[in-house]
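Engineer: I have a structure here, written as structure tokens, and I will follow up with some questions on it.
Please treat every number below as a calculation from the coordinates, not as lab data. This is a predicted model, so every value here is computed, not measured. Neighbour counts are summed over all protein chains in view; Cβ atoms, including those assigned to glycine, are modelled from backbone coordinates with ideal geometry.
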Amino acid sequence: MALTASRGLYLYIEMLTTALSDEIVTDDEASILKVLAIALGVSPFDVGDAMDVARGIDPSPIADATEYSQHHIGDATTYQSALVAALDDEVITEDEWAILEQLRTLLGIQSDQHALIEESIRSMSESDANGERRLKRLERFNTVCPYF
């Protein structure tokens, strides 16, 4: 089944390309990619085909990416979901940082939006079993990969 061009598919293929830059998709990257596929509306049936596009095996259905570069409602939530997925495993790896950085750039997440997302994660931590660990990882993430 051929992939249908969409903003979600475009963003997902870009994240796959970032994840594949070292030719390996780690378990941590796979976790973020799974969350992103859901958040971006990429069907589980299309994930394999998207991977083939990211690997350069198949041609991309995205002819002109400029139409997908506009900011959309829900972008901040998508970024927050990916950030939480990265924070919830043991360590945020350099590969995960690269995915998050690329996602933040593609979605056009501004510093004020990032600050609101962080505040949301902090407020969630009070009622979440993983909250305290997540906050420690968030502090490490901000130290290693600060928002400029």
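Engineer: Among Leu100, Leu106, what is the fewest-to-most ranking by other Cβ atoms within 10 Å?
Structural biologist: Leu106, Leu100
Engineer: Using only Cα atoms and rounding to the nearest 10 degrees, what angle (0 to 90) does helix 94-107 make with the longest principal axis of the chain?
Structural biologist: Helix 94-107 sits roughly 70 degrees off the main axis of the chain.
Engineer: May I ask for the angle, rounded to the nearest 10°, between helix 7-19 and the longest principal axis of the chain, with both axes built from Cα atoms and the value confined to 0 to 90°?
Structural biologist: With both axes taken from Cα atoms, the answer is about 70 degrees.
Engineer: Also: Name the shape class, rounded, prolate or oblate, that the alpha-carbon gyration tensor gives for region 7-109, where a ≥ b ≥ c are the square roots of its eigenvalues, rounded holds for a/c under 1.5, and otherwise prolate holds if a/b is larger than b/c and oblate otherwise.
Structural biologist: oblate
Engineer: Here is a further query. Sorted by average packing, counted as other Cβ atoms within 10 angstrom per residue and highest first, what order do 109-121, 30-42 take?
Structural biologist: In decreasing order of mean packing, 109-121, 30-42 become 30-42, 109-121.
Engineer: While we're looking at this one, here's another question. Going by alpha carbons, how many degrees (0 to 90, nearest 10) lie between the helix axis of 75-87 and the longest principal axis of the chain?
Structural biologist: The angle comes out near 70 degrees.
Engineer: Further question on the same structure: In whole Å, how far is the Cα centre of region 6-49 from that of region 69-110?
Structural biologist: If we compute the Cα centre of each part, the gap is 12 Å.
Engineer: Are there any chymotrypsin sites (Phe, Trp or Tyr not before Pro) in region 21-94 that are in a DSSP loop and have at most 14 other Cβ atoms within 10 Å? List them by number.
Structural biologist: Taking region 21-94 and a limit of 14 other Cβ atoms within 10 Å, the loop chymotrypsin sites (Phe, Trp or Tyr not before Pro) found are Phe45.
Engineer: Please give me, ordered by residue number, the GluC sites (Glu not before Pro) of region 10-75 that lie in loop per DSSP and have at most 10 other Cβ atoms within 10 Å.
Structural biologist: Glu23
Engineer: Hey, another quick one. Quickly estimate the mean residue ellipticity at 222 nm for the chain, helices only: each DSSP H run with n ≥ 4 gives -39500 (n - 2.57), and the total goes over all residues, rounded to 500.
Structural biologist: Only helices count here, giving -19000 deg cm²/dmol.
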